[in-house]
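A quick write-up on the structure given underneath.
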Amino acid sequence: MWRSCLRLRDPGRRLLNRPAGGPIASVGPGPTHPAPARAYAPPTERKRFYQNVSITQGEGGFEINLDHRKLKTPQAKLFTVPSEALAIAVATEWDSQQDTIKYYTMHLTTLCNTSLDNPTQRNKDQLIRAAVKFLDTDTICYRVEEPETLVELQKNEWDPIIEWAEKRYSVEIGSSTSIMGPSIPAKTREVLVNHLASYNMWALQGIEFIVTQLKSMVLTLGLIDLHLMVEQAVLLSRLEEEYQIQKWGNIEWAHDYELQELRARTAAGALFVHLCSESTTVKHKLLQE
């Protein structure tokens, strides 16, 4: 059966098998997702101009130093992050650049810039409602009516995630084959708005970033609640694409590149949320041989 070809168990978790990819064509009335109000695009590349990267603690938080220069945001604000762990993660991005700085690979830095500059000038309530609005077009809530193999695949892979979310947050979500999508109860929106309100502005920037990558509020909740791994969440968000790839074959390198990029962005967003949600201090130890 097709089902047995598309699924495997990976370290005790349900996960789609990664096939050798292929041309992607929509076979159902997929959702039209709202255009995300995202951060401004940084310059693509530039020659590396620093040797050493370090962090220091200032009055407003932790700062990144490139040699003796303080890192600044695109709006020329001092680049200051709220936790030492996040500062170390950002510093690692800068330190890992080779002869050329590839800004498009530095997702944590971009998220910090967005949080500091707030280029779209949105407040906390607006960020929350932008994320919750994705329920109206949530990828895993839209179902096809045919072919039968894809219908079964969506049911087997997506239904357990929706059921988990409904039980975890005591809400009703459901799914639909209608082009209009499922009817999300007002109570569900209220519960999720209140849940997201427990996060700070920085973490909410990360949550919205993940939602725009996965095109799914439900998968994002599963990821930040540690119910899903990054690889699982990404493959579940690409369920129809993976189905088409298995059926029709692969466009050489293109699908693999797209998959790895999506994994990198989603992983960075999840890490950003967790580092911004915890007020932890990195403990330094003197290692003696």
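The values are calculated or read from the model by the stated rules, or taken from the named source; none is laboratory data. Every value quoted in this text rests on a predicted model; they were computed, and no experiment measured them. For neighbour counting, all protein chains shown are included, and Cβ atoms are generated from backbone atoms with ideal geometry for every residue, glycine included. Just so you know, the surface numbers come from the protein's heavy atoms only, side chains and all, with ligands and any DNA or RNA stripped out. Shrake-Rupley method; radii C 1.70, N 1.55, O 1.52, S 1.80 Å.
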Subject >> Residue list for the range 95-127, filter: farther than 16 Å from Leu275 by Cβ, assigned to a helix (DSSP H, G or I) and either in contact with a strand residue (DSSP E or B) (Cβ under 9 Å, 6 or more places away or on another chain) or among the small types (Gly, Ala, Ser) (or both) >> reply: Asp95, Tyr103, Tyr104
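How many of the residues in the range 215-226 are outside any helix (DSSP H, G or I) and open to solvent by less than 10 Å² (accessible area, probe 1.4 Å)?
Residues flagged as outside any helix (DSSP H, G or I) and open to solvent by less than 10 Å² (accessible area, probe 1.4 Å) within the range 215-226 amount to 1.
Quick grid of which residues meet (1) outside the structural domain of Phe79 (by the TED database); (2) in contact with a strand residue (DSSP E or B) (Cβ under 6 Å, 6 or more places away or on another chain); (3) among the acidic types (Asp, Glu); (4) modelled with pLDDT under 95:
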| position | (1), (2), (3), (4) |
| --- | --- |
| Ala165 | yes, no, no, no |
| Gly174 | yes, no, no, yes |
| Leu204 | yes, no, no, no |
| Phe209 | yes, no, no, no |
| Ile224 | yes, no, no, no |
| Glu240 | yes, no, yes, yes |
